[in-house]
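The values are calculated or read from the model by the stated rules, or taken from the named source; none is laboratory data. Every value quoted in this text rests on a predicted model; they were computed, and no experiment measured them. Cβ: placed from backbone, ideal geometry, glycine included. Neighbour counts: every protein chain shown. With ligands, DNA and RNA removed, areas are computed over all heavy atoms of the protein, side chains included. Shrake-Rupley method; radii C 1.70, N 1.55, O 1.52, S 1.80 Å.
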Amino acid sequence: MPGDRVREFGGFEDATTNNRMEIFGTYRGLQEVYRDAMRVPDSVPKGGVIEIISDSKYVLDGASRFVKNWIKNGWKTSTGEPVKNQDLWEKLEKGQEMLRNQGFRLEYRLVKGHAGTEANERVDQIAVRFSRGESIDLYEGPLSGYAVSLEPGARFEPVYLSYVNGKLSRHSTWEECRRVTEGKRGARYKKIKNKLEEEETLASWGVR
């Protein structure tokens, strides 16, 4: 976001697919950047780079390489089959073109999913919460106050938290956590995948 700011957002649809949500999520991210650029002149420097980061090779290849040819071929693949999710690809490409017309350059970076990359784990956490209809606190504010590292490749080693009889402990394995919590009345425990999730969990447990 402009001015070294971070804005988290999420959503869900019933009866959908992972691919459709990956495409739509990418489109919504570009939409937010475009709205900010139009709402606050010079908030997003013209000629700057917009980096699209995803763990979906399907989305990145489609957005960066294939969509132009699909359009030329009347939304047919190289084998003559109809392109799946055409409605969303049309939206995504329209969003990309609008940003290009404003002088932005788009770059694409693939990250491995479920591999401990901190920001990617946070995105997955948000998506899962929305898909289950569970509440989650979404961050909006300065980058300096964001607990999740956005550095490329920044990793957060998963940790298991336990809270038993007023004592908070961190465990490197589930077996360690299980031994501490099993059979203990009122014991709480959770696997944590990023710093913001840890903060939210401790707050929900009343631990500061």
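Numerical summary
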| item | result |
| --- | --- |
| Residues of region 138-158 classified as surrounded by 11 or more Cβ atoms within 10 Å (Cβ to Cβ), at pLDDT below 90 and of a type in the set (D, E, K, R), total | 1 |
| Members of region 156-189 that are on the phi > 0 side of the Ramachandran plot and touching a Gly at 6+ places or on another chain (Cβ under 9 Å) | Asn165 |
| Tabulated pairs, region 174-190, first within 13 Å of Leu161 (Cβ to Cβ), second open to solvent by 100 Å² or more (accessible area, probe 1.4 Å), C-beta under 7 angstrom, 6+ apart or interchain | Cys177/Tyr189; Thr181/Tyr189 |
| Strands (runs of 3 or more DSSP E) fully within region 43-158 counting 3 or more residues that are under 30 Å from Asp14 (Cβ atoms) | 49-54 |
| Residue count for region 156-171, restricted to those that are within 17 Å of Lys191 (Cβ to Cβ) and without any contact (Cβ under 8 Å) to a residue 40 or more places away in the chain | 8 |
| Residues (open to solvent by 70 Å² or more (accessible area, probe 1.4 Å) and either closer than 20 Å to Val128 by Cβ or not charged (D, E, K, R) (or both)) located in region 159-192 | Asn165, Ser172, Trp174, Gly183, Arg188, Tyr189, Lys191 |
